[in-house]
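Here is the structure we will look at, set down as structure tokens.
Readers should treat all values here as calculations from the given coordinates under stated rules, not as data from a laboratory. Keep in mind that this is a model prediction, so the values were computed, not measured. In this analysis, Cβ positions are derived from the backbone assuming ideal geometry, glycine residues included, and neighbour counts consider all displayed protein chains.
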Amino acid sequence: MSTASLAASLNRFVVERMGALRYLPALFRLVYAASPRLLMASVALRLARASLPVLMLYLGKLILDAIVAEHARPHPAGTGIAGWMADPALRRLAGLVAVELGLAILSDLLGRLSTLTDGLVADRYANAATLRLMRHAAALDLEQFEDSAQQDRLERARRQVTGRSNLLFQLFGQGQDLITLVAFGIGLAAYAPWLILLLAGSLVPAFLNELYFNRQGYRLAWTRTPERRQIDYLRYLGASVESAKEVKLFGLNAYIAERYRIVAAKLLADNRSLAIRRAGWGGLFAALGTLAYYAAYATIVWRTVAGAFSIGDLAFLAGSFQRLRGLIEGLLLGFSQISSQAQYLEDLFSFFEVVPLIRSPERPVPFPQPITEGIVFEEVGFRYPGTETWAVRSLSFRLAAGEVLALVGENGAGKTTIVKLLTRLYDPTEGRVLLDGRPLSDYDLDDLRARIGVIFQDFVRFDFTAAENVAVGRIDERDDAARIARAAGRSLADGVIERLPLGYDQPLGKRFADGVDLSGGEWQKIALSRAYMREAEILILDEPTAALDARAEFEVFQRFRDLSRGRSCVLISHRFSTVRMADRILVLDGGKVIEAGTHEELQARGGRYAELFELQAAGYR
């Protein structure tokens, strides 16, 4: 590594690393909030331990000098232990040994207590940081979840949640070592202050070397985030119960393993190259520190032989210099590591700085009870982030209060986009969505979504109990067994649950022990029950019966018609036997409404709806 490279590394350290350290106070506040008493106990224990090494080494000097003095002084033979203990000088020697023993025991005890408190604080911090990450992620916009760059950012933040409390303890350890270093430095300066300057100067190149390679390590980890996410995904595909059937049937094992091997080999090659260069340069600069140590040690030995130092002084100075070398090297390299880890810490706290764009207004208007005018899409246009194509454009229609409205169209016509706009998962790029004459953005976001019950075709199959899977629709009411049973009955899920060995207490899915998996249609009935559990003013069902057989679908929608009275409902389905039950049908194409009316009206018109209906009906003839 050239002198210019080292100088450039130092300049980047000042600019970049010191900036990354700004997150250390935020880390301290987060750890302190998780466990204030234990954190203060950890600090107190480290302060208590800081002075013990110097005291023990100085006691060793005094013991050696006392032994040398006693060895030169004649003692009467046969006096035994009693006679020895009667001698003041020997009693002093025994007292020094006893004190050193006590300090050794105290040092070990304080070390174990410190390790215990650090571990407890780390566990509490990991829990607190994980909860904060989950809550913050839940508050972000759907757009921020669907963006790959934000997914990388979330992945980096998720990796930093656990373990980063060690950074704070490392910083405390640096403080402890600094106090110990000052104490050793004062003792050594009384004999030979120039040795400290020699030692510090010899370790600076090693510090700059670590600084450079820590920065390279962070840059490599940052740029390889997409590959790490891909590795995690391939690992999931290759060893997951959810993907096991397709992987086996399609013979994907070898393909997935090979893709994993290629990506993992690339990461391994990058890491190996960096590790080899780091080890080579690190060994060279470490040798400089060792050379400086033995030069100083030779000087101390020579002055002891010359009579300038006693044997105890020799032991104290040699021990102090050795400890100082380790402390200075540890402080320099430790500070480099702290600044390096602080960059990873930036991944966590910069994620916390991401704010959602879709938020509640400062003074929201109350949600109408009941809805009187309904919902109006007024010249609405929307483009998904990063695309130039309009998902919907110049879209205008009305969902009257208490009306069941069906949306029909081919894939990509804009049906699911309408649902996302209606629930404020996205805001329109242009135009407005009104509820009882007020833009949706005027209402409290949580209140708005609490009044809307939505079931998507790709609903989540939670590995919870059957009761909890139903209660997801209104999770605050998960202890209301009667409400859960009522919702399950409305969606015909009660028959499914009653056949389970543990009924409503039966864990679902195969991820955990004693779990029972369901068929697609059975899961769909469970998902439908969530909409009824919500008892919302607006119901949205996006392909809610795709996995049901014809008889079950007919029964579900007969109940749906009865139970949705008085509620505004949006129904999306490709089955015309389902949508014909709606009060009104909108036919979408290219993000616009091209036809609207009842089933009979649209059939009589002979347009796109009639064409699609005939195509589907022909398949049953």
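Before moving on, here are some points about what is shown:
- Efficiency of FRET from Cβ geometry, Val97 and Glu353, R₀ 56 Å, rounded to 0.05: 0.45
- Taking a straight line from the alpha carbon of Lys61, these aspartates and glutamates sit under 18 Å away, with near neighbours fewer than eight places off in the same chain left out: Glu70, Glu100, Asp313.
- Debye intensity ratio in log₁₀ form over the Cα atoms of region 461-535, taken at each q of 0.19, 0.23 Å⁻¹: -0.64, -0.95
- The 3J(HN,Hα) values that the Karplus relation (6.51, -1.76, 1.60; θ = phi - 60°) gives for region 383-390 are, in residue order, 10, 5, x, x, 10, 9, 7, 7 Hz. Gly and Pro appear as x.
- Residues whose amide H comes within less than 5 Å of that of Ser491, counting only those at least five positions distant or on another chain, are absent (H built at 1.01 Å from N in the peptide plane).
- Whole-Hz couplings from phi, Karplus 6.51/-1.76/1.60, listed for region 493-507; x for Gly and Pro: 7, 4, x, 5, 5, 5, 7, 6, x, 9, x, 5, 8, 6, x
- In Hz, Karplus ³J(HN,Hα) per residue of region 518-534 (6.51, -1.76, 1.60; θ = phi - 60°; x = Gly, Pro): 10, 6, x, x, 5, 4, 5, 5, 4, 5, 4, 4, 5, 5, 6, 4, 6
- Residues whose amide H comes within less than 5 Å of that of Gly374, counting only those at least five positions distant or on another chain, are Ala401, Asp436 (H built at 1.01 Å from N in the peptide plane).
- Residues whose placed amide H lies under 5 Å from that of Val570, excluding near-sequence neighbours: Leu405, Leu539, Ile540, Leu541
- Size of region 401-534 as Cα extents on the principal axes (Å, biggest first): 52, 33, 27
- Region 419-459 - Kirkwood radius from inverse mean 1/r over Cα pairs (Å): 11.0 Å
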